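These notes concern the structure reproduced below.
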Amino acid sequence: MTGRMKRWDIWSLITFVIFAGYMIFLALPLFMLLIKSFFDGTTGDFSLAYFTKFFSKAYYMNAVWNSIKVTVSVTVLSMLVAGPLAYIMTIAKIKGSGTVRILILISSMSAPFIGAYAWILLLGRNGVITNFIFDVFGFRMPDIYGFSGILLVLTLQLSPLIFMYVSGALKNVDNSLMEAAESMNCTGLRKMWKILVPLITPTLLAGGLLVFMRAFADFGTPMLIGEGYRTVPVLIFNEFISEVGGDDGFAAAISVIVVLFATAVFLLQKFVANRKSYSMSALNPIEPKKLKGIANAAAHVYVYLFTILAMMPQAYVAYTSFQKTSGKIFVDGYSLDSYRAAFAKVGDSIYNTFIMAGITIVIITLAAVLIAYVTVKRKGAVANLLDTFTMLPYIVPGSILGIALLVTFNKQPLVLSGTAVILIAAFVIRRLPYTIRSSAAVLHQVNDSIEEAAISLGASTMRTFFKITVPMMISGVFAGAIISWISIITELSTSIILYTGNTRTMTVAVYTEVVRGNYGVAAALSTLLTAITVLSLLLFFKLSGKKEVTM
Amino acid sequence: MSVAISFQEIVKKYGDTTVIPELSLDIQKGEFFTLLGPSGCGKTTLLRMVAGFNSIEGGALAFNEKVMNDVPPGKRNIGMVFQNYAIFPHLNVSENVAFGLQNRKVSKADQQRRVSDILNTVKIDIYKDRMPKNLSGGQQQRVALARAIVINPDVLLMDEPLSNLDAQLRVDMRNAIKSIQREVGITTVYVTHDQEEAMAVSDRIAVMKSGVIQQVGSPRDIYQRPANLFVATFIGRTNVIDAKLEIGTDGEASVVVGRDYSLPMLALQSQVKPGESVAVRISVRPEEFVLSEDGRGLAGKVVNNVFLGLNTHLVVKLDNGQEVEIIQQSAANDEVNIGQTVRLAILSETINVYDASGERNLNRGTRI
């Protein structure tokens, strides 16, 4: 009995405008990318040459295998590391577990390539730990560069996502389910395997997909620590950007293949997850208990070890940012030289980041409120399509979106390349989903009758929206906006494609300084980023009253 | 200003499915009118058509003489109380109640006066600064009611307003609603599936089933002379028994139950000719059975016996295998043992006789 009167009203207009925005800044660029991949760059004729080239040369296929190897290993390893971590944190009392959770969260929010460069400083050829071990034990550590380095960095970076997903799911498992199992004499590992694992499998898969997509799309890590271990994003970047012999069309063709592959994985995950998903909400969540003896010690060691490893890059980078430098080299003693140098050399990137991320977040907040409302409360064909559009950024890697925007807006009628507008557009498209999701989550809990009550009391559609609906959504909106904000200031893969001298962001500056070997400046900027992230998170906790984040 | 509401051959469709086919009904000015029926009968749909939240696919809905079909909800001057109250959680009690007045451009001073008056009426003035989450269910209910009537609506609409309250509070609140409605004198349309609640509050009740009104009448009419077997079984408890209607050669009607238990019926209307008989079904309420002392009546065996203080409920299995319910006032030494054989007499003045399909009440004076 919820039939709602369909009228052409202000909401139809809003839906239309947002829809048009998505068409111009997402659908059109992806379409252009597709066109570009199927037409020869010089003659303009239809051609499959790019695709044949890609699939026929071992050089390219090698990159594909590398990518798949990295992505699958990272995903599996992250699940193996983070699943038990979440389980331990749920059932066992761990000293300082609140702090541990926040640290794990912070570690997941930094840009992955910062992890890569920190681990180079620690375990690289001239790394602190490498040298220490050589000095003390007299042997050389195995090489960190290449596959193993990427695996280490991405696993530590991405397993927190799975940890957060699985922790969330475990919190919704009612303890009486465990007790019921025990009452039927199903205990210990068997209980875990028979009851808990099936219940959290859908969540584990969802988290796994997120890790898979991020690992697959990550460009900074293999670029820095890969040293010739070429993955697909590196390939695309090189083909597109490289000063000699760069080829837009070929980069487009690889992008198309990547997007198709990502879509297939996405659909597969959805299919599997839909077939076995449970809706749970626990009246009596599982209470952490104090473990005894060896189990207790082991649980603590595992949790602390992971936390230390995860936080290590940021902690070490922050430490080095205060070291004295002489030229590009760290020397003994402490100073703020690196910060002075950072502000002097790349101060504009800090300014750019704040301005662009600031504008982006305003647009995101507005758009997310409206989109969440349209997709939750005004169901229909257009709303469904809009919902799909907002999901696309999950499967289109950032660098590919960057390339798509560039090939679309580097010529008339709309020249945006090189401007802040194109970066902001990319940021909005990519980071909108976080805010939409958290806004929609709140909106789902707002009963339709609340709005009907306002309307029956004589309020107009817009007055109802702004006076009643928006105030009820606002906590979710802000919470999502903060997460979007953090993910914008730490994002690299799109900005590195789209930036020019005037629109350099902090992450781009960190990346270029690392590549140039200016570790002091890079460390100072990274530490600033971490500080902003932590402050934003604190604000998030305050506003949302929660101690966790859903991605 | 209260209005009369008239439904003229109103039709509601969802796609190709007709949920309400050509329904006509008149609700009088100032009346407390209840739409009663099982879930899915279309009562809420009908209410939401009055509110303007559901479109109307045919016929006319009029307040007094004015057709309202295309007037948007906000312009109908209705007050609505929702099943889940729909209290705005971010506004306090006074702000909630004042919301409708603000939309009507009432002056600040007037707003304050009217809000405090109505909070007095519904007896929650001491909570005026509280946030909704700090109110009990009953208090939230009162806020919802105050918010709906403070705007002086033409019609007050209530959609199962008590279904979220516990039993005792439900009884208290329905009395409160009834007395507030009487005080304000506003035309009220009330939806419920609880027949006892409907009887307690309503001036008139429409019993609905599958989008069709089965009977409209006062609580007394509907209980005592149900228009058909659906109404008879939906309102209160009853035993439906197959019987035979015989018209004697002298034209006197009687109903024969069981083998030879004959009850003279004085006020039946039927087309049966003298000397003939026809199959009918009779509805006998549990209190219309009495344990017979003179040996006349239906023979049966007691299969259950529940003492409830004031009343004692008996279940008796008749000779034909049917089980019937009996309620009798408990007396000092009236214990009937399970397994005991009894004879049941029927109080023929108050029972209802239906045609074999159960669609038509044959008692004269049944109002439909």
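The values are calculated or read from the model by the stated rules, or taken from the named source; none is laboratory data. Just so we're clear, the structure is a prediction, and the values are computed from it rather than from any experiment. With ideal geometry, Cβ positions are generated from the backbone for all residues, glycine too; neighbour counts draw on all protein chains shown. Areas reflect the complete protein model, heavy atoms only, side chains present, ligands, DNA and RNA absent. Shrake-Rupley method; radii C 1.70, N 1.55, O 1.52, S 1.80 Å.
Data for the structure
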quantity: Inter-chain Cβ neighbour average for residues A:461-474, partner chain, 10 Å; calculated: 2
quantity: Filtered chymotrypsin sites (Phe, Trp or Tyr not before Pro), the stretch A:8-83: DSSP coil and at most 10 other beta carbons within 10 Å; calculated: A:8
quantity: Centroid-to-centroid separation of the stretch B:309-344 and the stretch A:112-165 [C-alpha atoms, Å]; calculated: 86 Å
quantity: Selected from B:23, B:266, B:145 as most flexible by GNM, with chain B as the system and alpha-carbon contacts under 10 Å; calculated: B:266
quantity: Quotient of C-alpha Rg and 2.2 N^0.38 Å, computed over the protein assembly as shown; calculated: 1.27
quantity: Where labels lie 7 Å past Cα in the beta-carbon direction, separation of residue B:276 and residue B:330 in nm; calculated: 5.1 nm
quantity: Entries in A:379/B:29; B:66/B:178; A:93/A:377; B:244/B:317 that, when Cα-Cα distance is taken, lie over 30 Å; calculated: A:379/B:29; A:93/A:377
quantity: Solvent-accessible ranking of A:61, A:356, largest area first, probe 1.4 Å; calculated: A:61, A:356
quantity: Global form of the stretch A:63-320, assessed from the alpha-carbon gyration tensor, a/c cut-off 1.5; calculated: oblate
quantity: Dipole magnitude of the stretch B:5-233, debye to nearest 20 (Cβ charges: Lys/Arg +1, Asp/Glu -1, about Cα centre); calculated: 560 debye
quantity: Euclidean distance between Cα centres, the stretch A:70-93 to the stretch A:302-372, Å; calculated: 27 Å
quantity: Volume in Å³ per residue [convex hull over Cα atoms, computed for the stretch A:322-551]; calculated: 144 Å³
quantity: Solvent exposure ordering (accessible area, 1.4 Å, most first) of B:105, A:171, B:43; calculated: B:105, A:171, B:43
quantity: Qualifying trypsin sites (Lys or Arg not before Pro) in the stretch A:312-343, DSSP loop, other Cβ atoms within 10 Å at most 16; calculated: A:328
quantity: Distance between the stretch A:188-266 and the stretch B:137-164 - C-alpha centres, whole angstrom; calculated: 55 Å
quantity: With at most 13 neighbouring Cβ atoms within 10 Å, loop GluC sites (Glu not before Pro) (DSSP) excluded, longest segment of chain B; calculated: B:66-251
quantity: Under 5 Å, built H, 5+ apart or other chain: amide partners of residue B:303; calculated: B:315, B:316, B:317, B:339
quantity: Lys/Arg +1, Asp/Glu -1 at C-beta; the protein assembly as shown dipole; positive extreme among B:47, A:483, B:302; calculated: A:483
quantity: Reachable aspartates and glutamates, given that their alpha-carbon falls under 20 Å from the alpha-carbon of residue A:36 and they are not under 8 places away in the same chain; calculated: A:45, A:239, A:243, A:247, A:248
quantity: Residues listed by number, the stretch B:214-253, amide nitrogen under 20 Å from residue B:306 label point at 7 Å toward C-beta; calculated: B:233-240
quantity: Trypsin sites (Lys or Arg not before Pro) lying in DSSP loop within the stretch B:192-276, provided at most 16 other Cβ fall within 10 Å; calculated: B:237, B:259
